[in-house]
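**Student:** Dumping the structure here so I can ask a few things about it.
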Amino acid sequence: MSSTIRHRPPRAGSIAARLGQSRVASRLEGEVRVTAADLVDCVAEARLKVAAVRYKVEGEVRNKAEKLKSRVSVAAEKLGDEARFIKSWIDDPLRTGSVTPSSPALARRMASYVDPEQPGPVIEIGPGTGPVTEALIERGVDEERLILVEYSPEFCELLRKRFPRATVVQGDAYALSTTLAGHLTEKAAALVSSLPLFNRPPPSRTALAKEAFPLMVEGAPFIQFTYSVISPIPRKGSGLKAFVSDWVLRNIPPARVWVYREAS
Ligand SMILES: C[S@@+](CC[C@H](N)C(=O)[O-])C[C@H]1O[C@@H](n2cnc3c(N)ncnc32)[C@H](O)[C@@H]1O
């Protein structure tokens, strides 16, 4: 005969029942408290995560908006330069010499022949709206070392705004020593020219080079771009060494850069 032991629940109201109930209740209460605290922590953590994501997203959106704004303003400025150039060309086509500013590729090529380590001022003649000036600074020539000789008063005003630490001289580059009097206090390290030289007869171009070299240190380059296939500074009897670059195709029209130095 098998005997089964059956646990009967304590009778309601008995001491055992009350004791049992209060233990279970306090254990349950404890568990509920821990679960509630966990829940509060989870919610706080989730809130922190949401705030971090929102901060990151807002930052990225702000960054993108800033970048877009600066690209729009650069584009607007470029458009402005094109318009200024066309106006200048309409006013005086021979002096302006081009309908558009030089491309960054051509400007960089010109600047590449300047040694930024060579001390002394760097003279730029015919800077226009400043693409070559910008390339020279990018190359490592400090803005303060730049002496910009520009004929057009409108371009000079613009250059003074764009390059406030450079010396902007409004005047004629073909009378270089007179124009630079009082501005050039030591010999220059280089001269970079964008003048439309072919609008002048050969003797004027020769005279320009003859006037420029004594203003520079020995071995300094006279850098000139041209759309033409021949040397803009007449070479015969000039006593100059010359180097010509390959065609810079990323410019309209394609151009080459001549670098002249006095033969020693
Ligand atoms: C072909 S644009 C070049 C402008 C700029 N450097 C560029 O590459 O876009 C020639 C510039 O030379 C200036 N210029 C022409 N004759 C000049 C002169 N005799 N003295 C000084 N600047 C002159 C014009 O006003 C014009 O800004």
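Listed here are the residues, each with its yes/no results for (1) of a type in the set (D, E, K, R); (2) over 26 Å from residue 202 (Cβ atoms); (3) without any contact (Cβ under 8 Å) to a residue 24 or more places away in the chain.
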site: 104; (1), (2), (3): no, yes, no
site: 115; (1), (2), (3): yes, yes, no
site: 119; (1), (2), (3): no, yes, no
site: 122; (1), (2), (3): no, yes, no
site: 136; (1), (2), (3): no, yes, no
site: 144; (1), (2), (3): yes, yes, yes
site: 155; (1), (2), (3): no, yes, no
site: 171; (1), (2), (3): no, no, yes
site: 174; (1), (2), (3): no, no, no
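**Student:** May I ask you to list the residues in segment 152-170 that are more than 19 Å from residue 110 (Cβ to Cβ) and either in a strand (DSSP E or B) or in contact with a helix residue (DSSP H, G or I) (Cβ under 9 Å, 6 or more places away or on another chain) (or both)?
**Tutor:** Within segment 152-170, 152, 154, 158, 164, 165, 167, 169, 170 qualify.
**Student:** Same structure again: Tally up the residues in segment 85-95 that are more than 7 Å from the ligand (Cβ to nearest atom) and surrounded by fewer than 16 Cβ atoms within 10 Å (Cβ to Cβ), please.
**Tutor:** Within segment 85-95, residues that are more than 7 Å from the ligand (Cβ to nearest atom) and surrounded by fewer than 16 Cβ atoms within 10 Å (Cβ to Cβ) number 7.
**Student:** Applying the selection to segment 197-222, what residues are closer than 17 Å to residue 236 by Cα and of a type in the set (Gly, Ala, Ser)?
**Tutor:** Passing the criteria: 204, 207, 209.
A quick yes/no check of all residues on (1) at pLDDT 90 or above; (2) under 22 Å from residue 173 (Cβ atoms); (3) touching a helix residue (DSSP H, G or I) at 6+ places or on another chain (Cβ under 7 Å):
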residue	(1), (2), (3)
60	yes, no, no
68	no, no, no
77	no, no, no
82	no, no, no
89	no, yes, yes
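**Student:** Test each condition in (1) under 20 Å from the mean Cα position of the chain (by Cα); (2) surrounded by 14 or more Cβ atoms within 10 Å (Cβ to Cβ); (3) away from the ligand (no atom under 12 Å from the Cβ) for residue 144 and report the one that comes out false.
**Tutor:** Of (1) under 20 Å from the mean Cα position of the chain (by Cα); (2) surrounded by 14 or more Cβ atoms within 10 Å (Cβ to Cβ); (3) away from the ligand (no atom under 12 Å from the Cβ), only one is false for residue 144: (2).
**Student:** Which numbered condition trips up residue 167, out of (1) away from the ligand (no atom under 12 Å from the Cβ); (2) out of contact with any strand residue (DSSP E or B) (no Cβ under 8 Å at 6 or more places or on another chain); (3) over 18 Å from residue 262 (Cα atoms)?
**Tutor:** In the conditions (1) away from the ligand (no atom under 12 Å from the Cβ); (2) out of contact with any strand residue (DSSP E or B) (no Cβ under 8 Å at 6 or more places or on another chain); (3) over 18 Å from residue 262 (Cα atoms), residue 167 misses (2) alone.
**Student:** Shifting gears a bit: Which condition from (1) surrounded by fewer than 18 Cβ atoms within 10 Å (Cβ to Cβ); (2) within 28 Å of residue 117 (Cα to Cα); (3) touching a strand residue (DSSP E or B) at 6+ places or on another chain (Cβ under 9 Å) is the one that residue 233 breaks?
**Tutor:** For residue 233, the failing item is (1).
**Student:** Run down 2, 73, 98, 102 and say which single residue is among the hydroxyl-bearing types (Ser, Thr, Tyr), at pLDDT below 85 and either surrounded by 10 or more Cβ atoms within 10 Å (Cβ to Cβ) or touching a His at 6+ places or on another chain (Cβ under 8 Å) (or both).
**Tutor:** On inspection, the qualifying residue turns out to be 73.
**Student:** In segment 100-137, what residues are assigned to a helix (DSSP H, G or I), near the ligand (Cβ under 9 Å from one of its atoms) and either touching a Gly at 6+ places or on another chain (Cβ under 6 Å) or not β-branched (Val, Ile, Thr) (or both)?
**Tutor:** If the condition is that a residue be assigned to a helix (DSSP H, G or I), near the ligand (Cβ under 9 Å from one of its atoms) and either touching a Gly at 6+ places or on another chain (Cβ under 6 Å) or not β-branched (Val, Ile, Thr) (or both), then 106, 107, 110, 131 are the ones that fit.
**Student:** On the basis of being within 13 Å of the ligand (Cβ to nearest atom), farther than 22 Å from residue 262 by Cα and either at pLDDT 95 or above or loosely packed, with under 14 Cβ neighbours inside 10 Å (or both), does residue 173 make the cut?
**Tutor:** no
**Student:** So, in segment 246-264, how many residues would count as being in a loop (DSSP other than H, G, I, E, B), in contact (Cβ under 8 Å) with a residue 40 or more places away in the chain and more than 25 Å from the chain's Cα centre (by Cα)?
**Tutor:** 1
The values are calculated or read from the model by the stated rules, or taken from the named source; none is laboratory data. Here the structure is a predicted model, which is why all the values come from computation and not from measurement. Glycine also receives a Cβ, built like all others from the backbone with ideal geometry; neighbour counts cover every protein chain displayed.
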